[in-house]
1. I'd like the full set of residues that are modelled with pLDDT under 80 and assigned to a helix (DSSP H, G or I), limited to the stretch 8-25.
2. Inspect all residues belonging to the stretch 62-81 and state whether any of them is surrounded by 10 or more Cβ atoms within 10 Å (Cβ to Cβ), in a helix (DSSP H, G or I) and either of a type in the set (S, T, N, Q) or on the phi > 0 side of the Ramachandran plot (or both).
3. I'd like the full set of residues that are polar (S, T, N, Q) and under 30 Å from N109 (Cβ atoms), limited to the stretch 9-52.
4. Among the listed residues L44, L55, which satisfies the condition of being within 33 Å of the chain's Cα centre (by Cα), part of a loop (DSSP other than H, G, I, E, B) and surrounded by 10 or more Cβ atoms within 10 Å (Cβ to Cβ)?
5. Right, T80: among the polar types (S, T, N, Q) and within 32 Å of the chain's Cα centre (by Cα) or not?
Amino acid sequence: MNKAPTRASTIDDLFASARTSEPYIHNQGFSTHVLAALPERAGLPFWADALITLLFTLLGCALAFAFFPSEKFAELVPTTIVISPMSLLTLTGLISLACGSAYWASETNRI
């Protein structure tokens with residue numbers, strides 16, 4: 001019984017054949033010369049980078065605190081939790097269905 005090739009093996013075969021069939025283009029060090037001629041990038045010192053990150057973090061926290069509807073969120077928090085056999089059965093069924101679907105998809109190469 002012949003097994004169908006997987007997608008990963010066909011891509012690997014494609015890249016391997018491209019490496020052997022395509023000619024190498026010699027650039028006589030062009031890339032090295034261009035990179036050496038580019039000016040060095042001026043970066044920020046560590047303290048400035050950390051300060052900018054801290055300021056924008058505090059700004060984001062302040063905006064979230066000002067615009068977040070905390071009263072409505074507090075109303076959504078349940079005051080009691082009821083666990084019944086039917087809710088456990090439903091949860092177990094959903095988890096079993098998800099696991100079974102993932103197993104089926106992995107065994108049939110559908111992903």
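The values are calculated or read from the model by the stated rules, or taken from the named source; none is laboratory data. Here the structure is a predicted model, which is why all the values come from computation and not from measurement. Glycine gets a Cβ as well: all are built from the backbone with ideal geometry, and neighbour counts include every protein chain shown.
1. From the stretch 8-25, those modelled with pLDDT under 80 are 8-9, 22-25; that's our starting set.
If the condition is that a residue be modelled with pLDDT under 80 and assigned to a helix (DSSP H, G or I), then A8, S9 are the ones that fit.
2. Looking only at the stretch 62-81, we keep the residues that are surrounded by 10 or more Cβ atoms within 10 Å (Cβ to Cβ), and these are 62-63, 68.
Filter again for in a helix (DSSP H, G or I), leaving 62-63.
Now restrict to residues that are either of a type in the set (S, T, N, Q) or on the phi > 0 side of the Ramachandran plot (or both): none.
No: the stretch 62-81 contains no residue that is surrounded by 10 or more Cβ atoms within 10 Å (Cβ to Cβ), in a helix (DSSP H, G or I) and either of a type in the set (S, T, N, Q) or on the phi > 0 side of the Ramachandran plot (or both).
3. The first filter runs over the stretch 9-52 and keeps only residues polar (S, T, N, Q), leaving 9-10, 17, 20-21, 27-28, 31-32.
Within the stretch 9-52, S9, T10, S17, T20, S21 meet the criteria.
4. Working: L55 fails: part of a loop (DSSP other than H, G, I, E, B).
Checking each option against the conditions leaves just L44.
5. On the way: among the polar types (S, T, N, Q): yes; within 32 Å of the chain's Cα centre (by Cα): no.
Here the answer is no, as T80 does not meet what is asked.
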